[in-house]
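Chemist: After the structure tokens below, expect a handful of questions from me.
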Amino acid sequence: MPDYLDTDHWKVAQLVDELNAAASEKRALQLIELLKPEFSKDGNQFCFIYGKLPNDCVVGFGNTAGEAMYDFSKNFWNYKATNPQHHE
């Protein structure tokens, strides 16, 4: 087999990917545990809601509870207050 294919490099890259996925899952689970958002099913999707609907909240939707959790986590970390009165 030619030397240009470094199998150790691919093993390390795979390990890093697995560690990143585990860290992402842990971060999302910790956020759910800390905030305790409302969990429900909305139509054919699962939903996490934190705050007051319709505009003062963070939500996450997904076909599975896990997808909803990741969507909620992503939306939480990207949430920007649109009303400057919130931070007086």
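The values are calculated or read from the model by the stated rules, or taken from the named source; none is laboratory data. The structure displayed is predicted, hence computed values, not measured ones. Using ideal geometry, Cβ is built from the backbone for each residue, glycine included, and neighbour counts are taken over all protein chains shown.
Chemist: Would you call Phe72 part of a helix (DSSP H, G or I), modelled with pLDDT of 95 or more and within 11 Å of the chain's Cα centre (by Cα)? Break it down into steps so the answer makes sense when it comes.
Modeler: Numbers: part of a helix (DSSP H, G or I): yes; modelled with pLDDT of 95 or more: yes; within 11 Å of the chain's Cα centre (by Cα): yes.
Yes: the conditions hold for Phe72.
Chemist: Here is a follow-up. Pull up segment 1-40, narrow it to residues that are modelled with pLDDT of 90 or more and in a loop (DSSP other than H, G, I, E, B), then point me to the one that is surrounded by the fewest Cβ atoms within 10 Å (Cβ to Cβ).
Modeler: Per the stated criteria, the residue is Lys36.
Chemist: Against the condition aliphatic (A, V, I, L, M) and either at pLDDT below 85 or in contact with a strand residue (DSSP E or B) (Cβ under 7 Å, 6 or more places away or on another chain) (or both), how does Ala65 come out, does it pass? Steps first, please.
Modeler: Values: aliphatic (A, V, I, L, M): yes; either at pLDDT below 85 or in contact with a strand residue (DSSP E or B) (Cβ under 7 Å, 6 or more places away or on another chain) (or both): yes.
In short, yes.
Chemist: Restricting to segment 41-69, name every residue that is within 21 Å of Ala21 (Cβ to Cβ) and not in a strand (DSSP E or B). First the steps, then the outcome.
Modeler: Initially, segment 41-69 is screened for residues within 21 Å of Ala21 (Cβ to Cβ), giving 46, 48, 60-69.
Those that are within 21 Å of Ala21 (Cβ to Cβ) and not in a strand (DSSP E or B): Asn63, Thr64, Ala65, Gly66, Glu67, Ala68, Met69.
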